[in-house]
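Only one structure is covered here, and it is reproduced in the block below.
What follows draws every value from the coordinates through simple rules; no lab data is involved. On a predicted model such as this, the values are computed, not experimentally measured, just so you know. Heads up, the Cβs are rebuilt from the backbone with ideal geometry, glycines too, and the neighbour counts pull from every protein chain shown.
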Amino acid sequence: MAGHSKWANIKHRKARQDAKRGKIYTKLIRELTVAAKQGDEPNDNPRLRLALERANSENMPKDTIKRAIERGAGKGEASNLEEVIYEGYGPGGVAILIEAMTDNRNRTVAEVRHAFTKYGGNLGTDGSVAYIFKKIGEIYVSSDSDEEKLFEAVIENGGDDVEKNDDSFRITSSPADFEKLLNALKKDNFSIINAELSMKPDNTIDLDHETAEKLLKILDFIDEIEDVQEVYSNGGFPDDFKID
């Protein structure tokens, strides 16, 4: 899974850049709003708990958080945001899965279709690639952490894997163990950089450098679409692939 992990880490670095630009607030507000449709009490709504965790970690203003939750729960300005999934194929036949939140499906699908067309991909039908991906928990911890203690904590609390990167440890788990693991790491005072539920492909397609470059361009372009929350692929980036 090295190639997929490389894209996961590219995404992680991009998210941190987005946070500096303030762009991540838009995604978090959408997630809070949609999560709150399942109930505005965090103790009874795991998805809202996680959304609040991420919003607080990004120092989102409390009033902004409150308005987003009220909008989703129907207590404030009405929200007609809905979740949509788009599936398609990129360069080299790579599967691409897109999670979006939109108040205008026609606008969003047009923008997604344009991205695929622009970079030599194809927008697929429902179910064409979704079966390749499964949900996982993903936690990033500061690289300053004690590696041995971190491994022990991950193993003891249901984690699946720990991968060391330049500026962090990437930890994965099943969705069922995600919240337990996250709480345990916090209790042990590990510095959590980011934590979220993500999608992992069951298989990857190994790419040469030219195709990897093309794939990165289409993934970046899709990721910049305002209504897109997350984009995943099963492209296997070469281990020595350089990111500008």
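List of remarks:
- The stretch 141-244 - convex hull of alpha carbons, volume per residue in Å³: 130 Å³
- Relative contact order of the stretch 41-123: 20 percent, from C-alpha pairs under 8 Å at least 6 residues apart in sequence.
- Restricted to Cα atoms, the chain shows a radius of gyration and a Dmax of 18.0, 51 angstrom.
- Qualifying trypsin sites (Lys or Arg not before Pro) for the stretch 56-141 [loop in DSSP, other Cβ within 10 Å: at most 13]: Lys75
- Links that overshoot a 25 Å alpha carbon limit, given the list Lys135/Lys164; Lys164/Lys187; Lys135/Lys180; Lys75/Lys134: Lys75/Lys134
- Virtual spin-label span in nm between Lys134 and Glu224, 7 Å along Cα→Cβ: 3.5 nm
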